[in-house]
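The values are calculated or read from the model by the stated rules, or taken from the named source; none is laboratory data. Please read these numbers as outputs of a predicted model, since none were measured by experiment. Here the Cβ is made from the backbone with ideal geometry for all residues, glycine too, and neighbour counts use every protein chain on show.
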Amino acid sequence: MKTGQKAPLPEPPDPPEGPSARRLLTGDLDLPAVELAQRLIGVMLLCEGVGGVISETEAYGRDDAASHSFRGPTLRNRSMFAGAGAVYVYRSYGLHWCFNIVARDAGAVLIRALEPRSGVDLMRQRRGRTDHLATGPGRLAQALAINIRHDGHDATAEPFALLDRLQEPDILMGPRIGINRERDRPWRFGLKGSRWLSRPIPAGGEPIAASVPRKEWESLP
């Protein structure tokens, strides 16, 4: 290797196999945004084999003034009208990419955070650090190398995979983050007990599901 030349990135890993590896299909995602946002908590998201367990989501409905689909289709948001299961990628504040999965009726679910499980070394190289790999939508997109070229893809087909959870997780809900409209809708959902969240859900966050306890896990500049 020549002096000053960067070391090559490691090859993406093969998707994990086992009893939790049932792939979700497009029909599994054909839900209203609020329901889909909860359904995706605990599901493993992979892009070219790199990813982890979704720990935080936000829902945006068609009648929601904070949603990009609220005023109808445009060149930028056309993927939101492509049907449930489509990938919608946009750049936030001109700085970082955000990854969404389209819900029923032009709603969408923003994937805000996940627990790294697969391809962690590659995620660290992409992020240039060893912590806060995917706690926030911009960090998550950078760690999984998601960008505008993925806009309009099918979230259930290559290079993506959504591997179903084994059990119903404990989920908390609270207010959404970083929006100026519809702030009163409690449409942010997080995995209870997880420290892989972009921000903690307030202590008063209402539990909306119950299951056996989950293990703790390790945690863009």
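Just a few scattered comments:
- All strands (runs of 3 or more DSSP E) inside the range 87-197 with 2 or more residues being more than 14 Å from MET44 (Cα to Cα) and among the hydrophobic types (A, V, I, L, M, F, W, C): 87-92, 96-102, 108-118, 171-174
- Just one of (1) at pLDDT below 95; (2) farther than 22 Å from GLN38 by Cβ fails for LEU166. It is (2).
- Once the range 67-86 is narrowed to residues that are among the hydroxyl-bearing types (Ser, Thr, Tyr) and assigned to a loop (DSSP other than H, G, I, E, B), the residue that is farthest from ALA33 (Cα to Cα) is THR74.
Condition check ((1) touching a Cys at 6+ places or on another chain (Cβ under 9 Å); (2) among the small types (Gly, Ala, Ser); (3) surrounded by fewer than 22 Cβ atoms within 10 Å (Cβ to Cβ)) across all residues:
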{"position": "VAL89", "(1), (2), (3)": "yes, no, yes"}
{"position": "ALA106", "(1), (2), (3)": "no, yes, no"}
{"position": "ILE148", "(1), (2), (3)": "no, no, yes"}
{"position": "ASP164", "(1), (2), (3)": "no, no, yes"}
{"position": "GLY174", "(1), (2), (3)": "no, yes, yes"}
{"position": "TRP187", "(1), (2), (3)": "no, no, no"}
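- One residue alone among ASP64, ASP28 is over 13 Å from the mean Cα position of the chain (by Cα) and part of a loop (DSSP other than H, G, I, E, B), and that residue is ASP64.
- The single condition from (1) within 15 Å of the chain's Cα centre (by Cα); (2) surrounded by fewer than 24 Cβ atoms within 10 Å (Cβ to Cβ); (3) farther than 13 Å from GLY52 by Cβ that ARG139 fails is (3).
- Within the range 33-60, residues that are under 19 Å from GLN125 (Cβ atoms) and buried (at least 23 other Cβ atoms within 10 Å of the Cβ) reach partners that are modelled with pLDDT of 95 or more and charged (D, E, K, R) with beta carbons closer than 8 Å, at six or more positions or on different chains, in the pairs GLY51/ARG117; GLY52/GLU115; GLY52/ARG117.
- In the range 77-87, residue surrounded by the fewest Cβ atoms within 10 Å (Cβ to Cβ) [restricted to those that are touching a strand residue (DSSP E or B) at 6+ places or on another chain (Cβ under 8 Å) and either among the polar types (S, T, N, Q) or closer than 10 Å to ASP151 by Cα (or both)]: ASN77
- Exactly one residue out of LEU24, LEU75 is at pLDDT below 95 and within 21 Å of HIS153 (Cβ to Cβ): that is LEU75.
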